[in-house]
Amino acid sequence: MIISLSGPSGIGKGFTKEGILKLHPDIEDLAWFTTRLLRPNEQKGGNRIHVSLSEFDELEESGELVLIQDLYGHRYGVKKEDLLPCPNIKLTELHPNILKEALDINPEILAIGFVTFDFLLLHKRLSVVRKTESAEEIEQRVVIAKSEIDAILQQEALFTSVIEVTEATEASVLEQVFAVLAPYLKKGG
């Protein structure tokens, strides 16, 4: 089974993923190939594999990579074989615009969407908490967040659950996710 987290930058997908993996170390963090340089937290066994643009293009042309995305000036893709149904549990983040394509490859993906209508919260998380983008990049991500949230809401039927994140609920988001995942996860990893 594959668990997918979808939502805009800064909504807490990474935090949620870390929480799931900490309590369930048997879950595999699905690896994505990217032309973006790795962030410090991704460099030690993270879920990103940095490749050059030419290497990425070769993998795409050979048909090894699917769910190809061009985001913020970088390319992303995942090996098709990693998306196929399997007995173990894998965890990944899927952009809302590619969820349908992923479900066509593996209809058993359990998708959880994150939305917010508090764009100041996203701005704060990107600028104060994450601190990996410039002020211009943060503004661009907040603008794009609106279309990503619209995509989740328009495709809500594809999601097992859609969780609204606000300042009042952000502390309980991980608990909400675990409530959705409880029937699928073994206790204690």
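Here I49 qualifies as out of contact with any helix residue (DSSP H, G or I) (no Cβ under 9 Å at 6 or more places or on another chain), in a strand (DSSP E or B), of a type in the set (A, V, I, L, M, F, W, C) and without any contact (Cβ under 8 Å) to a residue 40 or more places away in the chain. All conditions in (1) surrounded by fewer than 18 Cβ atoms within 10 Å (Cβ to Cβ); (2) touching a residue at least 24 places away in the same chain (Cβ under 8 Å) hold for E58, with the sole exception of (2).
If the requirement is being under 24 Å from L37 (Cβ atoms), more than 18 Å from the chain's Cα centre (by Cα), part of a helix (DSSP H, G or I) and of a type in the set (A, V, I, L, M, F, W, C), which of these qualifies: L126, L121, L59? If you could, list the steps in order and put the result at the bottom.
Working: L126 fails: more than 18 Å from the chain's Cα centre (by Cα); L121 fails: under 24 Å from L37 (Cβ atoms).
Matching residue, one of L126, L121, L59: L59.
Examine the stretch 123-132 for a residue that is in contact with a Phe, Trp or Tyr (Cβ under 8 Å, 6 or more places away or on another chain) and crowded, with 18+ Cβ neighbours inside 10 Å, and state whether such a residue exists. Looking for residues that are in contact with a Phe, Trp or Tyr (Cβ under 8 Å, 6 or more places away or on another chain) and crowded, with 18+ Cβ neighbours inside 10 Å, one finds none in the stretch 123-132, hence no. Scan the stretch 146-189 for residues that are at pLDDT 85 or above, within 20 Å of L110 (Cβ to Cβ) and not in a helix (DSSP H, G or I) and the total you get is 11. Looking across the stretch 159-189, just one residue is of a type in the set (A, V, I, L, M, F, W, C), more than 15 Å from the chain's Cα centre (by Cα) and over 22 Å from L23 (Cα atoms), and that is A168. The residue list V66, V143 contains one member that is modelled with pLDDT under 90 and not charged (D, E, K, R), which is V143. In the stretch 73-84, the condition of being closer than 28 Å to V143 by Cβ, assigned to a loop (DSSP other than H, G, I, E, B) and not small (G, A, S) is met by no residue.
Return the total of residues in the stretch 167-189 being touching a helix residue (DSSP H, G or I) at 6+ places or on another chain (Cβ under 7 Å) and either of a type in the set (F, W, Y) or within 30 Å of V128 (Cβ to Cβ) (or both). If you could, list the steps in order and put the result at the bottom.
Our first condition is that a residue be touching a helix residue (DSSP H, G or I) at 6+ places or on another chain (Cβ under 7 Å); within the stretch 167-189, this holds for 167, 173-174, 177, 189.
With the extra rule that they be either of a type in the set (F, W, Y) or within 30 Å of V128 (Cβ to Cβ) (or both), the set shrinks to 167, 173-174, 177.
Count: 4.
Taken together, L99, L67, L21, L103 contain a single residue that is in contact with a strand residue (DSSP E or B) (Cβ under 8 Å, 6 or more places away or on another chain), in a helix (DSSP H, G or I), without any contact (Cβ under 8 Å) to a residue 60 or more places away in the chain and surrounded by 14 or more Cβ atoms within 10 Å (Cβ to Cβ), which is L103.
The values are calculated or read from the model by the stated rules, or taken from the named source; none is laboratory data. Just so it is clear, the structure is predicted and the values come from calculations on it, not from any experiment. All Cβ positions, even for glycine, are placed from backbone atoms using ideal geometry, and neighbour counts span all protein chains on display.
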